[in-house]
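Below is one structure, written out as structure tokens; the observations come after it.
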Amino acid sequence: MCGIIGITGGEETLDVLLEGLARLEYRGYDSAGLAVLPATDGGPLWRARAANGTRSLEDLVKRTEDAPPGSSTGIGHTRWATHGRPSEANAHPHVDCTGQLALVHNGIIENHLELSDELVLAGHHLESDTDTEVLAHLIESELGTHPEAGLVGAVRETLRRVRGYFAIAVIHSGEPDLIVAARRVSPLVMGLTETEAMLASDIPALLGRTRSFLLLEDDQIAELRPGSIRVTTLDGTEVIPPLRTVDYDLDAARKDGYPDYMSKEMHEQPMAVANTLLDRLLPDGTLALDEVRISDDELRSIDKVFIVACGSSYHAGLMAKYAIEHWARLPVEIDISSEFRYRDPVLDSRTLVIGVSQSGETVDTLQALREARRWNAKVLVISNVVDSSMTREADAVLYTRAGPEIGVASTKTHLAQITALEILALYLAQTRGTLYPHEAREFLDAMGALPDKVETALERAADVEVVATAYRASPSFIFLGRHVGYPVALEGALKLKELSYLWAEGFPAGELKHGPIAVVEPGTVVIGVATRTHLWEKMMANVAEVKSRGATVVLVANDGDEETERQADAVLWVPETHQLFSPIVDVVPLQLFAYSMARLHGLDVDRPRNLAKVVTVE
Ligand code: AGP
């Protein structure tokens, strides 16, 4: 889940690399580095690396005066550490023994230990603790044995020996206009202009430079030269990937006057929900999905649904389970992607597997979906990123239209995912005849009120901050919910953990008495989702259980609900909505709570420690 970038043919190579790396920082910020080639053949390449991410790298590059003038080819990397601690020595690019070759890598080389033993025996000197460095030395070795095959031939032979995932970019001072790139599972896109060719882990890193992109598929190798890109498979067969034009707006990825991306993105939530709902209802009463390659007959024959996802996307899936089972009367199993893939799940062609992923690149979910396809299951993907790896491989896609999300914590995409999943639940119900079209339409119409309710919940940010301030000294928090309030509690706990580094755990409220209640003591802060659902009375009984053991209770409650207020030490108010839609509104104050708590602790909400926005390692 690192970010990689490269360009050849440009005039301000260092600036392009630094700007692209800053945009890729959401993928990891443990360290950063770049390498550029001299303008003439055979000269030494120039490398700069910094242990503290792209800002320190930029300072370093600005302070240094020995960067080669006129360089038009370079590669860069921003790291999320897997093998080897964050340090300058472990920062990419890694070089070979000659110092002529530099390489950046996103992914994991699973057989790096055996490869590195072999290289050391052959006399190579490896300097880092990373899994990546072996690649530079293996390519060096191939170049020594078969110089006539050139850099691309050496990369091809090296990749045949590698197990694991990779997106790589390699340069060599013997071929100063060339970048060789390759991919297996980890994402890699390429951009083209008349005079330049470039690559990156995602499209926004290159926007502003080009709008013409090519996507590299698994086990393909690309040779990028100024103004041209040639793609071949690992066995050398040439392929012509289609050139795609994107119309994203780069401005959408800027902060727009907010202090950080997270607050900007939270305030974009009403729009994200509204856009995801937009035009879903066709004049004939059916629902419009994007890229549906599953027929209605096939959907009618589905007898089981699996939802696979990670993190916040998993919580959105958990919320959808209730809606799909209730409306479409289909059994739904939900699993964390990394567990699903290795547990031999029972699937066949009548199973619908729904992958939920903001990025569409999370490797655990991508591989889980590939496993599902192996069993001939139908695969439907909910994603925010058009043309991401998952959406390209799916039988059907339903896009969340939240716009780019830069903050590491999912907010607007999470709400858009729940919205999209609820739409899907209604579509399944209608197609399978468990809801009449007019009933599905009534529910969709009711969803039309959600953006305003989310807006109202956001307007209470100052009140939420007061509550967060009152409990800022608490070292731990317990989150409780029932039914759809349970995944809301899980999401509230995840947000608080990842942003404020405080211990927080979510539980089904009814489960507490089976063990976890033992940790409740006077002063324990318990945050409960106590909005009005058919289980409100049972939820309040669970609240009474923790109160009677001295807990301090903060409740998410519907506006004007005095009965709930009387049971609480503090209230986070939200507008009331239909029970199955309530997560979309009820999660908002918990996002705001986590945001306020992190700020009160002086933490960087956009770049929480140890995390990355897109997780492309297992
Ligand atoms: C939550 O705030 C995190 N960003 C994380 O849990 C995230 O939801 C998870 O890594 C899944 O990512 P995806 O939706 O891109 O697959």
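The values are calculated or read from the model by the stated rules, or taken from the named source; none is laboratory data. On a predicted model such as this, the values are computed, not experimentally measured, just so you know. All Cβ positions, glycine included, derive from the backbone under ideal geometry; neighbour counts span all protein chains shown. Quick note on the areas: whole protein, heavy atoms, side chains included, nothing else; ligands and nucleic acids left out. Shrake-Rupley method; radii C 1.70, N 1.55, O 1.52, S 1.80 Å.
Details
- Here the Kirkwood formula, the inverse mean of 1/r across different C-alpha pairs, assigns segment 425-491 a hydrodynamic radius of 15.4 Å.
- Packing-based ranking, highest mean first, of 161-172, 600-611 given that Cβ atoms within 10 Å are counted: 161-172, 600-611
- DSSP bridge pairs, the chain: antiparallel proportion in percent, nearest 5: 60
- Chain lengthening between residue 610 and residue 225 when straightened (0.36 nm per residue, less Cα-Cα): 135.0 nm
- For the chain, adding -39500 (n - 2.57) for each run of n ≥ 4 DSSP H residues and dividing by the number of residues yields -10500 deg cm²/dmol at 222 nm.
- The separation of segment 448-496 from segment 303-342, counted between C-alpha centres, amounts to 23 Å.
- Here the ratio of the Cα radius of gyration of segment 265-448 to 2.2 N^0.38 Å is 0.94.
- Measure of compaction for the chain (Cα Rg per 2.2 N^0.38 Å): 1.01
- Segment 455-600: mean projected area of Cα convex hull, nm²: 7.4
- Residue ranges 502-512, 584-594 sort as 584-594, 502-512 when ordered by packing (mean number of other C-beta atoms within 10 Å per residue, highest first).
- Candidates 139, 332, 381 compared by Cα position along the dipole of the chain: farthest toward the positive end lies 332, with charges placed on Cβ.
- Within the accessible area of the chain (1.4 Å probe), percent carbon and sulfur: 49
- The value obtained for segment 3-254, namely the Cα convex hull volume divided by the number of residues, is 111 Å³ per residue.
- Highest average first, the peptides 121-132, 364-375 ordered by how many other beta carbon atoms sit within 10 Å of their residues are 364-375, 121-132.
- Estimated FRET transfer efficiency (residue 293, residue 439; beta-carbon r; R0 25 Å; 0.05): 0.40
- Cα→Cβ-extended label distance, 7 Å offset, between residue 501 and residue 336, nm: 2.2
- Descending semi-axes in Å of segment 1-112, equivalent ellipsoid built from Cα gyration tensor: 21, 16, 12
- For the chain, accessible area per residue (1.4 Å probe, heavy atoms of protein chains only), Å²: 37
- Under a model in which nothing but the beta-carbon of Lys, Arg (+1) and Asp, Glu (-1) is charged, the chain shows a dipole of about 1020 debye around its Cα centre.
- Simple spin-label estimate for residue 235 and residue 466 in nanometres, 7 Å along Cα-Cβ: 7.0
- For segment 524-548, backbone nitrogen atoms closer than 19 Å to the point 7 Å from residue 326 Cα along Cα-to-C-beta are found at 529-540.
- Computed log₁₀ I(q)/I(0) - Debye formula, equal Cα scatterers, no solvent, segment 182-223, q 0.18, 0.27, 0.31 Å⁻¹: -0.46, -0.92, -1.11
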